[in-house]
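Structure, as structure tokens:
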Amino acid sequence: MKSPNGARVIERDGRRPDNRLIAAALLLAMACATPAARPATASGGQNVVIDVPGSATSRLVIRNDPDAASVLLAVPAGRTWAALSTAYSALNIPIVGFDSTTHTITGATSAFREFLRSPVSRFVDCGSTLVGPNADTHRVELRIQSRVAAESDTSSTVSTRLDATGTGSVGTVNCATTGSLEKIVNDQVTALLEKAQ
């Protein structure tokens with residue numbers, strides 16, 4: 001049977017599906033959704049689409065975000081690694097960890113209301129209330145980590161990830177990244193390398 005909007009609706013014995021079964025199927029699908037190998041991109045992820053019979057929208061999209069946003073550069077890893085710390089400095093992200101063996105840099109900073117001249121909610125989602133995004137009213141601790149990996153003698157990948165927590169009047173919550181800060185870091189590295197050519 002099809003609903004007026006064309007979505008497939010499954011009915012059995014004249015009854016609509018049990019919402020508890022839909023919720024159980026949704027949880028099972030989320031548990032089974034694992035990241036697949038993917039090419040390096042500035043942002044990305046795997047979308048899992050589940051038809052939800054009887055729901056208002058008929059579809060639910062679960063975004064399985066990757067651990068890090070990556071960009072593939074036609075530059076040797078040594079040059080990319082040299083540009084990475086400069087990118088952090090240019091963005092005023094304090095470096096708290098520097099591992100030349102794994103080519104990993106870790107930055108950490110605190111933000112309240114604004115970060116890089118933008119609302120903090122541009123970078124993280126800490127939930128929201130009737131007055132707006134919590135990220136714009138909470139003290140948000142940001143931990144940014146970037147790693148350079150050699151893909152070949154003439155190319156490399158920069159992978160950047162962000163972890164964040166927000167603290168407000170009701171306690172501390174984990175915040176989800178929007179992907180914007182990771183892209184800014186990766187774009188800064190790219191711009192520095194292009195300028196040096």
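Please treat every number below as a calculation from the coordinates, not as lab data. Nothing here was measured: the structure is a model prediction, and the numbers come from that model. As a convention, Cβ positions derive from the backbone with ideal geometry for all residues, glycine included, and neighbour counts pool all protein chains shown.
Could you run through the range 135-161 and say how many residues are surrounded by fewer than 23 Cβ atoms within 10 Å (Cβ to Cβ) and in contact (Cβ under 8 Å) with a residue 12 or more places away in the chain? First the steps, then the outcome.
To start, the set of residues in the range 135-161 that are surrounded by fewer than 23 Cβ atoms within 10 Å (Cβ to Cβ) comprises 136-137, 139, 141-143, 145, 147, 149-155, 157, 159, 161.
Of the ones still in play, those that are also in contact (Cβ under 8 Å) with a residue 12 or more places away in the chain are 136-137, 139, 141-143, 145, 147, 149-151, 153-155, 157, 159, 161.
The total comes to 17.
Can you say whether R122 is surrounded by fewer than 22 Cβ atoms within 10 Å (Cβ to Cβ), charged (D, E, K, R) and over 18 Å from the mean Cα position of the chain (by Cα), as far as the supplied structure shows? Please lay out each step first, then the result.
Details: surrounded by fewer than 22 Cβ atoms within 10 Å (Cβ to Cβ): yes; charged (D, E, K, R): yes; over 18 Å from the mean Cα position of the chain (by Cα): no.
Criteria not met by R122.
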- Query: Quick one: in the range 177-197, which of the residues that are loosely packed, with under 15 Cβ neighbours inside 10 Å and of a type in the set (A, V, I, L, M) is nearest to the chain's Cα centre (by Cα)?
  - Reply: A191
- For the range 76-108, which residues satisfy the criterion of being surrounded by fewer than 16 Cβ atoms within 10 Å (Cβ to Cβ), in contact with a strand residue (DSSP E or B) (Cβ under 6 Å, 6 or more places away or on another chain) and β-branched (V, I, T)? I95, V96
- Note on the structure: By residue number, the members of the range 162-190 that are in contact (Cβ under 8 Å) with a residue 12 or more places away in the chain and of a type in the set (G, A, S) are A164, G166, G168, A176, G179, S180
- Message: On the basis of being over 17 Å from S70 (Cβ atoms) and in contact with a Leu (Cβ under 8 Å, 6 or more places away or on another chain), does L193 make the cut?
- Response: no
- Query: Mind checking whether some residue in the range 94-114 is in contact (Cβ under 8 Å) with a residue 60 or more places away in the chain and under 30 Å from G168 (Cβ atoms)?
  - Reply: no
- Test: D163 is within 30 Å of Q197 (Cα to Cα) and acidic (D, E): no
